[in-house]
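Chemist: I am attaching a structure below and will ask some questions about it afterwards.
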Amino acid sequence: MKKISQRLQRFTKEDLVRAAAVYAVIVFLLVFLVFPLATLFVKAFQDKDGMFIGLAHFAEYFTSRAMVYSISNTFVISIWSTVISVTLAFFYAYALSRKNVPAKSFFRYVGMIPIFAPTMLLGIALIYLFGNQGILTSLGLEIPLYGKIGIIISESIYCFPAATTILMVAFSAADNRLYEAAETMGTSALRKMVTITIPNVKYGLINAIFVSFTYSFTDFGAPSVVGGNYNVLATDVYKQVVGQQNFNMGAVVGIILLFPAVLSFAVDWFTNKKQSAAINSRSVPYQIKPHRASDLAATVFCIIVALAMILFFAVALFASLIKLWPYNLTFTLDNYNLAEAGSGSGLTAFRNSILISLISAFLGTVITFIGAYIIEKTQQKFRISRKIAYFLSITPLAIPGTVVGLSFIMFFNASAFNIPFTQYAVLNPLHGIYGTIWILVFANLIHFYSVPFSTATTALKRLDKEFETVSESLSVPFYRTFAKVTVPLCFPAICEMWVYFFVNSLVTVSAVVFLYTPTAPITSVMIVSMQGAGQTAPAAAMCMLLLFINLIVRLLYEALRYGLRKREKRLKV
């Protein structure tokens, strides 16, 4: 007791505030991440009555022919989507990073458009292009859309922006001295590609492959629109939980969905560590040299990819502006009448989606940035607590949205939990948020927590540690330094975090499809229901509205960032 009291006496008021903040982050992630996931794992080993049955559900799943087909179908979709998306992204990123392509900013932003749209929009565009009465189908270009082909095309487009972003970062880390030495030795362009370029970006390429594989493996939106009878794991979870109310088997499928995500998480950690070690202070930035033939080929390739992207979204826009395809092509705005969409609840769903996204963006940005600051800038007295908080903060990166939603419904839907090996139960104090918009907000916070956390950590690492040292020497409280120095210097990163939370919260469906209720409808889930009911044009209109809002938010952010850069240049001058 004496040692404990002596330790407490050594803690200042600021130390106590820091400790409280660190433990608050840990408690938040324990309650909304660890406890729901633990409930999911427990459910997989129980029967409907809560009795422990071991691996019986897993045995049942892997001995069911239909379930095994879902696994094999999911792997087929993921492998093909990864090959197509990463291949296209590799050459697209190479063209924008290493060749003299005009209007690079335009091509870069066009390639990122799928990020801002619900994945269902890609499926709807494919229906209007290659469906039974599609535009290209009527011209003789017919493909078996519903099933494997349609899902692969949708997932390839969906994964393309993420793969492109990763590979562009990888291409930017080149050392020009290697290429100068190769040119001096008369090395051909193909040999330079094989012996220098690909080895230099191999970790980024591996990372892009695993990220794309995980995205396509766990996505729910595209298979729900163009999947037909081609079952995959993401739709299996929905059928087990929502269709058959079989939460135990749904937990089994959720655990299976975790494996590729966890593997991708491990690969991402390994490749980031290796890639950062490959750059040193003597590296020379890559210098693009004009080469007429290859520059022309790169430009043509970028134009083809950009036109394909624009075509998909232009078709979706066209579908949302006509009365009835292909019988009545009269242009109308009736499909955008939210008051009549979704059996009259479209306006409520749209309002809920905006509100949930705004709350998720503001609350997520505050929690994530403060958490990252406390972990990154606090003193060494809380080293173990900081490591625990850091590990929990990056863990959501390995959790698919489907698993987040599934674990939330199992944890928060329960009013009480039985204590193992006893007849007693513990009340669940958080049961009250089930059925409200708050469970959707917290699901978004956990689902998208890791990327903004990494953004904040990167921004904080760039700040000189002297700020904190000088503040301590002048007896300035750390929270005043945080408000007066850290937040203004990290303001661009904070805005980026806000946009990330808002954009993804507005279009996500995989996590929230299990959590919405008729009293709190949301647009992304309503789009799936409307498309399934044959209301494709109103569904396309709702998708376009979400896309427009996200694009406007992104453009406002780019304008703000441009203004901040100009202000910094004026101050330097």
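Chemist: Could you list all residues from region 333-392 that are assigned to a helix (DSSP H, G or I) and of a type in the set (G, A, S)?
Modeler: Listed by number, the residues that qualify are G346, A349, S353, S357, S360, A361, G364, G371, A372, S385, A389.
Chemist: Determine if region 43-57 includes at least one residue that is modelled with pLDDT under 85 and in a helix (DSSP H, G or I).
Modeler: yes
Chemist: Here's another thing I want to ask about it. Between residues in region 555-569 that are surrounded by 13 or more Cβ atoms within 10 Å (Cβ to Cβ) and residues that are among the aliphatic types (A, V, I, L, M), which pairs lie under 6 Å by C-beta distance while being six or more apart or on different chains?
Modeler: Cβ pairs passing all conditions: Y557/V499.
Chemist: Return the residues of region 194-217 that are under 24 Å from A293 (Cβ atoms), touching a residue at least 24 places away in the same chain (Cβ under 8 Å) and in a helix (DSSP H, G or I); say none if nothing qualifies.
Modeler: Within region 194-217, T197, N200 meet the criteria.
Chemist: If you don't mind, another one. Any residue at all in region 73-92 that's modelled with pLDDT of 90 or more, in contact with a Gly (Cβ under 9 Å, 6 or more places away or on another chain) and closer than 30 Å to D295 by Cα?
Modeler: yes
Chemist: Separate question: Any residue at all in region 462-485 that is on the phi < 0 side of the Ramachandran plot, within 28 Å of the chain's Cα centre (by Cα) and at pLDDT 85 or above?
Modeler: There is no residue in region 462-485 that is on the phi < 0 side of the Ramachandran plot, within 28 Å of the chain's Cα centre (by Cα) and at pLDDT 85 or above.
Chemist: Sticking with this one: If a residue has to be open to solvent by 100 Å² or more (accessible area, probe 1.4 Å) and touching a Pro at 6+ places or on another chain (Cβ under 7 Å) to count, how many in region 320-349 make the cut?
Modeler: 0
Chemist: Being farther than 30 Å from S393 by Cβ and part of a helix (DSSP H, G or I) narrows it down to one of A38, A66, so name that one.
Modeler: Details: A38 fails: farther than 30 Å from S393 by Cβ.
From the options A38, A66, the qualifying one is A66.
Chemist: Would you check which residues across region 234-269 are assigned to a helix (DSSP H, G or I), closer than 14 Å to Y61 by Cβ, in contact with a helix residue (DSSP H, G or I) (Cβ under 6 Å, 6 or more places away or on another chain) and not hydrophobic (A, V, I, L, M, F, W, C) and list them?
Modeler: Matches in region 234-269: D236, Q240, N248, G250, G254.
Chemist: Give, as residue ranges, the helices (runs of 4 or more DSSP H) completely inside region 101-193 that count at least 1 residues that are at pLDDT 80 or above, of a type in the set (S, T, Y) and open to solvent by 30 Å² or more (accessible area, probe 1.4 Å).
Modeler: Numbers: elements: 104-111, 119-130, 135-138, 148-171, 176-184, 189-192.
Answer list for region 101-193: 104-111, 135-138, 148-171.
Chemist: Under 9 Å between Cβ atoms, which residue pairs at least 6 apart in sequence (or on different chains) link something in region 314-337 that is closer than 12 Å to L129 by Cα and without any contact (Cβ under 8 Å) to a residue 24 or more places away in the chain with a partner that is aliphatic (A, V, I, L, M) and outside any loop (DSSP other than H, G, I, E, B)?
Modeler: If the second residue must be aliphatic (A, V, I, L, M) and outside any loop (DSSP other than H, G, I, E, B), the pairs left are A314/A125.
Chemist: Please specify each residue of region 522-564 satisfying the condition of being outside any helix (DSSP H, G or I) and either at pLDDT 85 or above or touching a Cys at 6+ places or on another chain (Cβ under 7 Å) (or both).
Modeler: I522 - this is the single residue of region 522-564 that is outside any helix (DSSP H, G or I) and either at pLDDT 85 or above or touching a Cys at 6+ places or on another chain (Cβ under 7 Å) (or both).
Chemist: I'd like to check something: does region 494-501 contain any residue that is modelled with pLDDT of 85 or more, closer than 20 Å to T368 by Cα and surrounded by fewer than 18 Cβ atoms within 10 Å (Cβ to Cβ)?
Modeler: Among the residues of region 494-501, at least one is modelled with pLDDT of 85 or more, closer than 20 Å to T368 by Cα and surrounded by fewer than 18 Cβ atoms within 10 Å (Cβ to Cβ), which makes the answer yes.
Chemist: Ok, one more. Of all residues in region 493-521, how many are touching a helix residue (DSSP H, G or I) at 6+ places or on another chain (Cβ under 7 Å), part of a helix (DSSP H, G or I) and not hydroxyl-bearing (S, T, Y)?
Modeler: Qualifying residue count for the region: 15.
Chemist: In region 222-255, how many residues are modelled with pLDDT of 80 or more, open to solvent by 20 Å² or more (accessible area, probe 1.4 Å), within 24 Å of the chain's Cα centre (by Cα) and over 21 Å from Q535 (Cα atoms)?
Modeler: Selection size over region 222-255: 1.
Chemist: Can I ask one more? With hydroxyl-bearing (S, T, Y), surrounded by 15 or more Cβ atoms within 10 Å (Cβ to Cβ) and either over 26 Å from I157 (Cα atoms) or within 28 Å of the chain's Cα centre (by Cα) (or both) as the only criterion, which of Y69, Y61 stands out?
Modeler: Working: Y69 fails: surrounded by 15 or more Cβ atoms within 10 Å (Cβ to Cβ).
Of the residues listed, the single one that is hydroxyl-bearing (S, T, Y), surrounded by 15 or more Cβ atoms within 10 Å (Cβ to Cβ) and either over 26 Å from I157 (Cα atoms) or within 28 Å of the chain's Cα centre (by Cα) (or both) is Y61.
Chemist: Okay, moving on. Being crowded, with 16+ Cβ neighbours inside 10 Å and charged (D, E, K, R) narrows it down to one residue among K377, K387; which is it?
Modeler: K377
Chemist: Applying the selection to region 383-406, what residues are within 23 Å of W269 (Cβ to Cβ) and among the hydrophobic types (A, V, I, L, M, F, W, C)? Write out each step before concluding.
Modeler: Just the residues of region 383-406 that are within 23 Å of W269 (Cβ to Cβ), to begin with: 383-404.
Result: I384, I388, A389, F391, L392, I394, L397, A398, I399, V403, V404.
Chemist: If you don't mind, another one. Can you tell me which residues in region 519-553 are open to solvent by 50 Å² or more (accessible area, probe 1.4 Å) and on the phi < 0 side of the Ramachandran plot?
Modeler: Residues satisfying the conditions are T519, S529, G532, A533, Q535, F548, L551, I552.
The values are calculated or read from the model by the stated rules, or taken from the named source; none is laboratory data. These numbers come from a predicted model, not from an experiment. Please note: Cβ atoms are built from the backbone with ideal geometry, for glycine as well, and neighbour counts cover all protein chains shown. Only protein heavy atoms, including side chains, enter the accessible area calculation; ligands, DNA and RNA are left aside. Shrake-Rupley method; radii C 1.70, N 1.55, O 1.52, S 1.80 Å.
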